[in-house]
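Enquirer: Just passing along the structure, written as structure tokens.
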Ligand code: ADP
Ligand code: MG
């Protein structure tokens, strides 16, 4: 079943048609990669999913409900989270505190710390945060300050901060950009573990083919604002249209 269904989406920036009749169908609990050369429209498409941009036409359905016109915080509330390119964590807080804050914010639908007043709730949330830190491999380090973490571990922490809000769909825009090979492999393992441990769907924009082919269940290839191919990874490698898009031949 498709959790996210995109039909005929267009988005124009002045004279440039950044999204040109985009269609995309993302199966629930799958990892769906979106690849394509620079400027293909990948980030623009993702910005339409999170409500940062409004398409000029077309439909975007999430669990059969339209996302069009919803503000970003509402889209987040219905179960769509985005992981940023540079991990955004609170450096002066511990790893555990970093995960407890979004858990509190999510429950209250507002970002404030008043719930710390209630000790039993704090206990629940702490347990929930610790469970998730276990699943991303950071439980042992939970009392360390976030400022002392490696970039790879910050990515793990950021994923934990997302997961504690129990998203149904997680969007990642080039999660391994600028990473060392070791951190990239680390991220691949992390995404695989999360996808196995949680009922969650991923849309991953990625330029690193190692990442794409080791993770994706399905791949959409974009070029010049258009999805030129959508298929199983085995059929993407060597596809003439894909070669053409990347090599311009
Ligand atoms: P990708 O993520 O695939 O590299 P983008 O979605 O960032 O591509 O960009 C697609 C095209 O739209 C590019 O030509 C880019 O310059 C243009 N573009 C993106 N965002 C804007 C914007 N806010 N205003 C004008 N042009 C934009
Ligand atoms: Mg981009």
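Enquirer: I'd like to verify a number: residues in the range 4-52 that are under 14 Å from residue 82 (Cα atoms), within 12 Å of ligand 1 (Cβ to nearest atom) and outside any helix (DSSP H, G or I), how many?
Expert: 1
Enquirer: Is it true that residue 98 is within 17 Å of the chain's Cα centre (by Cα), touching a residue at least 24 places away in the same chain (Cβ under 8 Å) and away from ligand 1 (no atom under 16 Å from the Cβ)?
Expert: No; evaluated as a whole, the condition is false for this residue.
Enquirer: Something else now. Assuming residue 57 fulfils every condition listed in (1) more than 13 Å from ligand 1 (Cβ to nearest atom); (2) in contact with a helix residue (DSSP H, G or I) (Cβ under 9 Å, 6 or more places away or on another chain); (3) closer than 23 Å to residue 222 by Cα apart from one, which condition is it?
Expert: Every condition holds for residue 57 apart from (2).
Enquirer: Next question. Of the residues 141, 189, which is assigned to a helix (DSSP H, G or I) and either out of contact with any strand residue (DSSP E or B) (no Cβ under 7 Å at 6 or more places or on another chain) or not assigned by TED's automatic domain parsing to the domain that holds residue 28 (or both)?
Expert: Selected residue: 189, the only one of 141, 189 that is assigned to a helix (DSSP H, G or I) and either out of contact with any strand residue (DSSP E or B) (no Cβ under 7 Å at 6 or more places or on another chain) or not assigned by TED's automatic domain parsing to the domain that holds residue 28 (or both).
Enquirer: In the range 157-186, how many are in a helix (DSSP H, G or I), within 13 Å of the chain's Cα centre (by Cα) and free of Cβ contacts under 8 Å to residues at least 40 places away in the same chain?
Expert: The number of residues fulfilling the criteria is 1.
Enquirer: Got a number for residues in the range 195-205 being surrounded by 19 or more Cβ atoms within 10 Å (Cβ to Cβ) and at pLDDT below 90?
Expert: Qualifying residue count, the range 195-205: 0.
Enquirer: From the set of residues in the range 12-38 that are under 11 Å from residue 226 (Cα atoms) and modelled with pLDDT of 95 or more, which is nearest to ligand 2 (Cβ to nearest atom)?
Expert: If we take residues in the range 12-38 being under 11 Å from residue 226 (Cα atoms) and modelled with pLDDT of 95 or more, then 18 is nearest to ligand 2 (Cβ to nearest atom).
Enquirer: Within the bounds of the range 228-241, is there any residue that is under 23 Å from residue 52 (Cβ atoms), more than 15 Å from the chain's Cα centre (by Cα), touching a residue at least 60 places away in the same chain (Cβ under 8 Å) and in the same structural domain as residue 18 (by TED's automatic domain parsing)?
Expert: Among the residues of the range 228-241, not one is under 23 Å from residue 52 (Cβ atoms), more than 15 Å from the chain's Cα centre (by Cα), touching a residue at least 60 places away in the same chain (Cβ under 8 Å) and in the same structural domain as residue 18 (by TED's automatic domain parsing), which makes the answer no.
Enquirer: Within the range 65-85, restricting attention to residues that are exposed (fewer than 14 other Cβ atoms within 10 Å of the Cβ) and in contact (Cβ under 8 Å) with a residue 24 or more places away in the chain, which residue is nearest to ligand 1 (Cβ to nearest atom)?
Expert: So the residue we want is 84.
The values are calculated or read from the model by the stated rules, or taken from the named source; none is laboratory data. These numbers were taken from a predicted model, which means no experiment stands behind them. A quick note on method: Cβ atoms are made from the backbone with ideal geometry, for glycine too, and the neighbour counts reach across all protein chains shown.
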